[in-house]
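Engineer: Sharing a structure with you now.
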Amino acid sequence: MSYYEQLFSKAVFHYFEEISKIPHCSFEEQKISDYLVNFAKERNLEVYQDEALNVIIKKPATSGYENVPAIILQGHMDMVCEKMRALSTIFKTKASSTLSKAICSMRMARHSAQTTESL
């Protein structure tokens, strides 16, 4: 069981960990773009990748929901590749589980602090 599955027991963190292993600095999104295209193809989803490496994936509605308005999720694939002092990973050439664990821990800490502040 991976670090994220132990920590959260949520399938979404499996994909977060997979994506974190792929270097995807700004202006160097070919690998992550191709990963998303292959992800869609492996699931028989309609997929489109343009020359700028943008990816559109379409998933049909669940049975019984064909007439419900569509939902569109949007995001960007790149990340700012700055090396933190505590990490020796060089983001442009290699991603790692250490990196993804550090990012996840920082986001959890920030979310926890924000949640505490709003109480």
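The values are calculated or read from the model by the stated rules, or taken from the named source; none is laboratory data. Worth saying up front: this structure is predicted, and the values here are computed from it rather than measured. Heads up: the accessible areas ignore ligands, DNA and RNA and are worked out on the full protein's heavy atoms, side chains in. Shrake-Rupley method; radii C 1.70, N 1.55, O 1.52, S 1.80 Å.
Engineer: Stretch Asn38-Asp50 to full length: gain in nm at 0.36 nm per residue minus the Cα-Cα span?
Structural biologist: 2.9 nm
Engineer: Quick one: what are the phi-derived ³J(HN,Hα) couplings along segment 46-63, Karplus 6.51/-1.76/1.60 with θ = phi - 60°, whole Hz, x for glycine and proline?
Structural biologist: 5, 9, 9, 10, 8, 5, 8, 6, 5, 10, 10, 10, 10, 10, x, 5, 5, 3
Engineer: Please list Tyr65, Tyr15, Tyr35 from largest to smallest accessible area, probe radius 1.4 Å, with all protein chains kept in place.
Structural biologist: The most accessible residue leads, giving Tyr65, Tyr15, Tyr35.
Engineer: Please state, rounded to one decimal and in Å, the Kirkwood hydrodynamic radius that segment 5-75 gives when every pair of distinct Cα atoms enters the mean of 1/r.
Structural biologist: About 14.1 Å, per the Kirkwood formula over Cα pairs.
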